[in-house]
Amino acid sequence: MKWHPITAVREWLEVRFELEPVFRLLRENLTKPVPPHVNWLFTLGSVLAALLAVQLFTGVLLMISYKPSGQEAFQSVQHITYDVPLGWLIRSAHNWGSHVIVVLALLHLARVVVYGGYKKPRELTWGVGVALLAVILGFGFTGYLLPWDQVAYWGTVVATEAPASIPVVGPLTREFMIGGTEVADPTLGRFYVVHVILLPLALLSLVGLHLLLIRYHGISPLSGTDQPEPGSEEILRRGGRPFLPHHVLKDSAAIYVAIGALMSLALLAPPHLGEMADPLVTPLGIKPEWYFLPAYQLLKYVPEVVGVQVPPLVLVLLLLLPFLFDRSPHRHPRRRLRVLGALGAAAAVIGLLGLLGHLSDTRQTLLGKTYDFDVLGRPHLVEAAEVGGDPPQAEEGRGAGGSP
Amino acid sequence: MRRRVVNAFLGMGFVSTLGGFAGAALAYLWPGASGASGSNLLMGKDGPLSAATLAQDEGVVGRSNLGKVLVIRRGERLVGLQATCTHLGCIVAWNSATQQVECPCHGARYDLQGRVLRGPAREPLAQLQVTAGDEGIRVGPLGG
Amino acid sequence: MIGRSACVSACAGANRSRGRWVGWLALLALLALMAATGLTAQGDGASPVDIDEVMCALCHFEQGDEFVTSIHYQKGLLLCDDCHGGDPFAVQLETAKAPETGFIGKPRREDIAAICGRCHTGPARFFAQGPHRDWENDDNPTCITCHHNHRVFDATLALMEESCVRCHVSDSEPASGGVAIRSRLEGSAAHLARVAMDLDRLRVIDPKLDRVVPMLKAARSTLREADPITHALNLELIEETLEAVGSELAVVEERLVESVQDRQRRRWAVLGVWLFVAVNVFFLWAKRRQLD
């Protein structure tokens, strides 16, 4: 036989570490057929994994030039944006990546819920998934402070004030989080460490566990949990195709498109940097990033001590979904309309809160009429004569476009 | 020695090692005071703030050992108020047009004595004694 | 034999007297500071004094009414005594116009430029170099001829439009000279406005242009430097300043052009990205077809 480099390497390795059993196991598992109902929505998981890898990549590059101190952080981000070659693009991709990942994570969660993928025996996979959502939100929360501009600083001040209202442990919890009595240099140090090493370690372990469990169980069928899951021949007969190569090709195509979309956003709408953080001056209309708006708005309606417990409670309830709220054996969406309806309504309420959070303290013109939305999100019609005046100002997140 | 006893001691050794690491981390991470300056002089970004540069009906915020303080000039008098809004901690500012202390975050309003004129704040701002001196503005608790 | 308590009280006594010294010094310093703030408060542009409290305006109500509309009054910069002397709050006429207050009444023609020049040093200096500097010639204007004495507003280029032709025939050399200066200044201002508008528009999509904003601000303040020089009514003198503005704006415009080119390049890059994606997706699809 002709000498082939890859075969040679494999033979050399085989003597030192038996790869054959590993490859065999992987091949057997990856070529298992996937149920026929698996459509393009099921590529969201892989797309998420790919985008998280891109975040890791852009994040590492940013880390090289970023300086995590109150005195240097802002200037280092300016340096990245203006001086470092393609620095603006790397930062832009990292920023847009965070938004796209949150959107896709929520869509992925919705897909799993609709198709009953959280039911027995996949409750562990679901739990790990909810933990991953928390980790993703944690990334967004800690990363937000790092540019150390006014929006970053004051958004973090407001976001970290709320836990202090918890009785007994509240103030200490807050002080531990921010490393002192107010947001300052120690806060940046803590948030940076959480963002660049602790959460990535958690992310990698959880993603690994998540993938392991998924490969172990395979994609959930549409039949109920009281019936045995169809075997490989059954699935093939019903029209299912092996994961490798058919669905891997599909996932790859989806990943290409997603990265294309991310690059387009990053190229055409790079984020701005506001003014450097001034702990003595709070600018008008500080709001958190859009995925925290529902919690932010809720805090305006209910007492702080109640409002601050709702977001973790929502995550816990989500975790308990397969145990408390949806114990039926059915997986098919058509047989779970009540549960899906209730969850849809809950999602709509959360979405409405977020919308109110966005509209509050802004002036909007709709169908020729101008409305001033107050702090609770209630619209007030503005008389035509007053329209020329200054609207309440809001500066939400850092967004692309819109000068600070 | 009994196996269980040996195991117990091994377990305790392991746990106490972990505990040692945890304790060290806890001590390292224990939050200290931050942001407040050590003196009762009102400090701005680049040093002590001076009352001389404060115009009539103008306010300025600085740090002191009592936290962040808002100082407003009212004629010859200086008014001192706690500068952190009692709602969610944003820094308030003096608006000479409306003659109210205003918080930019959710619209809380206070008067010159720190009383709440409009929510969502519920607690009043602490009043502070501020006196203009040679080195700058000195901050102290009201009544002493 | 000095008992311990005597030592303590001696030290305490010494501390007490030192304390008293410091106390007096502090009080003196406080009084000095208050006096200083009293003197400087008006210069900081505080809110205006109520005109009804100004005694001069009780009799000189016409001038008072005109003065109230001026920028000098509304920004709390000046009161009657700053130009005319006197005590504007004294009720008795003799006290109000006493010579000790520095009362001069209506200023003489030769003093007008010096009075305005106390604050507006630049314009006064250049006016003294210009064609109208000879106060003895009654045909010549003084500061108040163009800027008015009480009804003083923010000076604009429109002032040049109406002022020159009040005395000069509209096609004469002086009048055309004024027109030339004015149009040169207007040209610079218009150039600045155009560049500012472009910068604002492009800044939205290109964060790198945020660095250019201070450069535009610098150009704007350089243009403002031409204002006092204009009073010499000499086109050559302003030319240097206006050229400086022009070159500062040229640098800004260069950055703007770079930004537009950069945006074009980025648009091509996006096209390239999608082309790349399309090619790869095509091959993935082809592979999929191959398998079936």
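The values are calculated or read from the model by the stated rules, or taken from the named source; none is laboratory data. Nothing here was measured: the structure is a model prediction, and the numbers come from that model. Note: ideal-geometry Cβ built from the backbone for every residue, glycine included; neighbour counts use all protein chains shown.
Select, from B:Gly47, B:Gly23, B:Gly38, the only residue that is within 23 Å of the chain's Cα centre (by Cα) and not assigned by TED's automatic domain parsing to the domain that holds B:Gly119. Steps first, please.
Values: B:Gly47 fails: not assigned by TED's automatic domain parsing to the domain that holds B:Gly119; B:Gly23 fails: within 23 Å of the chain's Cα centre (by Cα).
The conditions single out B:Gly38.
Of all the residues that make up the stretch A:75-114, how many are over 17 Å from the mean Cα position of the chain (by Cα) and polar (S, T, N, Q)?
4
I'm trying to understand the selection: among the residues of the stretch C:54-76, which are buried (at least 18 other Cβ atoms within 10 Å of the Cβ) and either assigned to a helix (DSSP H, G or I) or of a type outside the set (Val, Ile, Thr) (or both)?
Taking the stretch C:54-76 as the starting set, the residues that turn out to be buried (at least 18 other Cβ atoms within 10 Å of the Cβ) are C:54-57, C:64, C:67, C:70, C:72-73, C:76.
If the condition is that a residue be buried (at least 18 other Cβ atoms within 10 Å of the Cβ) and either assigned to a helix (DSSP H, G or I) or of a type outside the set (Val, Ile, Thr) (or both), then C:Met55, C:Cys56, C:Ala57, C:Gly64, C:Phe67, C:Ser70, C:His72, C:Tyr73, C:Gly76 are the ones that fit.
Working carefully through the options A:Gly208, A:Gly218, find the one that is under 19 Å from the mean Cα position of the chain (by Cα) and either modelled with pLDDT under 90 or not aliphatic (A, V, I, L, M) (or both). Give the derivation first.
On the way: A:Gly218 fails: under 19 Å from the mean Cα position of the chain (by Cα).
Being under 19 Å from the mean Cα position of the chain (by Cα) and either modelled with pLDDT under 90 or not aliphatic (A, V, I, L, M) (or both) holds for just one of A:Gly208, A:Gly218, which is A:Gly208.
Results for (1) more than 11 Å from every other protein chain (Cβ to nearest Cβ); (2) out of contact with any strand residue (DSSP E or B) (no Cβ under 9 Å at 6 or more places or on another chain); (3) in contact (Cβ under 8 Å) with a residue 60 or more places away in the chain, shown as yes or no for each residue.
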{"residue": "A:Ile219", "(1), (2), (3)": "yes, no, yes"}
{"residue": "A:Asp226", "(1), (2), (3)": "yes, yes, yes"}
{"residue": "A:Tyr256", "(1), (2), (3)": "no, yes, no"}
{"residue": "A:Glu275", "(1), (2), (3)": "no, no, yes"}
{"residue": "A:Ile286", "(1), (2), (3)": "no, no, yes"}
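What is the residue count in the stretch A:68-96 for residues that are farther than 19 Å from A:Ser264 by Cβ and surrounded by fewer than 16 Cβ atoms within 10 Å (Cβ to Cβ)?
Final tally of qualifying residues: 8.
Would you point out the residue of the stretch B:41-63, among those that are away from chain C (no Cβ under 14 Å) and farther than 10 Å from B:Gly136 by Cβ, that is surrounded by the fewest Cβ atoms within 10 Å (Cβ to Cβ)?
B:Asp46
For the stretch C:215-247, what are the residues that are touching a residue at least 12 places away in the same chain (Cβ under 8 Å) and more than 30 Å from C:Pro131 (Cβ to Cβ)?
C:Met215, C:Leu216, C:Ala218 - these are the residues of the stretch C:215-247 that are touching a residue at least 12 places away in the same chain (Cβ under 8 Å) and more than 30 Å from C:Pro131 (Cβ to Cβ).
Name the residues in the stretch A:189-205 that are surrounded by fewer than 18 Cβ atoms within 10 Å (Cβ to Cβ) and either under 18 Å from the mean Cα position of the chain (by Cα) or under 24 Å from A:Lys120 (Cβ atoms) (or both), would you?
Applying the first criterion (surrounded by fewer than 18 Cβ atoms within 10 Å (Cβ to Cβ)) to the stretch A:189-205 yields A:189, A:193, A:197-198, A:201-202, A:204-205.
A:Ile197, A:Leu198, A:Leu201, A:Ala202, A:Leu204, A:Ser205, listed by residue number.
Which ranges mark the strands (runs of 3 or more DSSP E) fully within the stretch B:92-144 that have 2 or more residues being surrounded by 13 or more Cβ atoms within 10 Å (Cβ to Cβ) and under 19 Å from the mean Cα position of the chain (by Cα)? If you could, list the steps in order and put the result at the bottom.
Working: elements: B:93-95, B:100-102, B:116-118, B:127-132, B:137-141.
So the answer is B:93-95, B:100-102, B:127-132, B:137-141.
Could you check how many residues of the stretch A:361-404 are loosely packed, with under 13 Cβ neighbours inside 10 Å, modelled with pLDDT of 75 or more and farther than 23 Å from C:Val204 by Cα?
Result for the stretch A:361-404: 8.
For the stretch A:74-99, how many residues meet the condition of being away from chain C (no Cβ under 12 Å) and in contact with a Leu (Cβ under 8 Å, 6 or more places away or on another chain)?
Qualifying residue count, the stretch A:74-99: 5.
Out of the residues in the stretch A:115-153 that are in a helix (DSSP H, G or I) and more than 19 Å from the chain's Cα centre (by Cα), state the one that is farthest from A:Leu52 (Cα to Cα).
First, the residues of the stretch A:115-153 that are in a helix (DSSP H, G or I): A:123-145, A:150-153.
Next, only the ones that are more than 19 Å from the chain's Cα centre (by Cα) stay: A:123-124, A:150-151, A:153.
Numbers: A:Glu123: 23, A:Leu124: 21, A:Gln150: 27, A:Val151: 25, A:Tyr153: 25 Å.
Per the stated criteria, the residue is A:Gln150.
If you go through the stretch A:159-186, how many residues are at the interface with another protein chain (Cβ under 8 Å from one of its Cβ atoms), touching a helix residue (DSSP H, G or I) at 6+ places or on another chain (Cβ under 8 Å), in a helix (DSSP H, G or I) and closer than 25 Å to A:Ser69 by Cβ?
So the answer is 4.
Here's a check for you: in the stretch B:64-91, which residue that is assigned to a loop (DSSP other than H, G, I, E, B) and aliphatic (A, V, I, L, M) is nearest to the other protein chains (Cβ to nearest Cβ)? Walk me through it before giving the result.
Our first condition is that a residue be assigned to a loop (DSSP other than H, G, I, E, B); within the stretch B:64-91, this holds for B:65-66, B:75-76, B:83, B:85-90.
If we keep only those that are aliphatic (A, V, I, L, M) as well, we get B:66, B:83, B:88.
Values: B:Leu66: 12, B:Ala83: 8, B:Leu88: 4 Å.
Residue satisfying both the conditions and the ranking: B:Leu88.
Do you know which of the residues in the stretch A:97-137 that are surrounded by fewer than 19 Cβ atoms within 10 Å (Cβ to Cβ) and of a type in the set (D, E, K, R) is farthest from A:Leu56 (Cα to Cα)?
A:Lys120
Looking at the stretch C:258-274, can you tell me whether even one residue there is more than 13 Å from chain A (Cβ to nearest Cβ) and in contact (Cβ under 8 Å) with a residue 12 or more places away in the chain?
Within the stretch C:258-274, the first condition is being more than 13 Å from chain A (Cβ to nearest Cβ), and the residues that meet it are C:260-261.
Those still in the list that are in contact (Cβ under 8 Å) with a residue 12 or more places away in the chain too: C:260.
Yes.
Restricting attention to the stretch B:22-32, which residues are surrounded by 10 or more Cβ atoms within 10 Å (Cβ to Cβ) and part of a helix (DSSP H, G or I)?
Looking only at the stretch B:22-32, we keep the residues that are surrounded by 10 or more Cβ atoms within 10 Å (Cβ to Cβ), and these are B:22-26, B:29-31.
Scanning the stretch B:22-32 gives B:Ala22, B:Gly23, B:Ala24, B:Ala25, B:Leu26, B:Leu29.
I'd like to check something: does the stretch A:221-236 contain any residue that is in contact with a helix residue (DSSP H, G or I) (Cβ under 8 Å, 6 or more places away or on another chain), outside any helix (DSSP H, G or I) and of a type in the set (A, V, I, L, M)?
no
Considering A:Ala105, A:Ala134, A:Ala164, which residue is within 30 Å of B:Cys85 (Cβ to Cβ) and free of Cβ contacts under 8 Å to residues at least 60 places away in the same chain? Explain how you work it out, then say what you get.
Numbers: A:Ala105 fails: within 30 Å of B:Cys85 (Cβ to Cβ); A:Ala134 fails: free of Cβ contacts under 8 Å to residues at least 60 places away in the same chain.
None of the others qualify; the one that does is A:Ala164.
Would you say A:Leu236 is surrounded by fewer than 18 Cβ atoms within 10 Å (Cβ to Cβ) and in contact with a Lys or Arg (Cβ under 6 Å, 6 or more places away or on another chain)? Give the steps one after another, and end with the answer.
Values: surrounded by fewer than 18 Cβ atoms within 10 Å (Cβ to Cβ): yes; in contact with a Lys or Arg (Cβ under 6 Å, 6 or more places away or on another chain): no.
So A:Leu236 fails the test.
Of all residues in the stretch C:119-144, which are exposed (fewer than 13 other Cβ atoms within 10 Å of the Cβ) and either over 23 Å from C:Ile238 (Cα atoms) or in contact with a strand residue (DSSP E or B) (Cβ under 8 Å, 6 or more places away or on another chain) (or both)? Spell out how you get there, then give the answer.
Filtering the stretch C:119-144 for residues exposed (fewer than 13 other Cβ atoms within 10 Å of the Cβ) gives C:121, C:131, C:134, C:136-139.
Passing the criteria: C:Glu136, C:Asn137, C:Asp138, C:Asp139.
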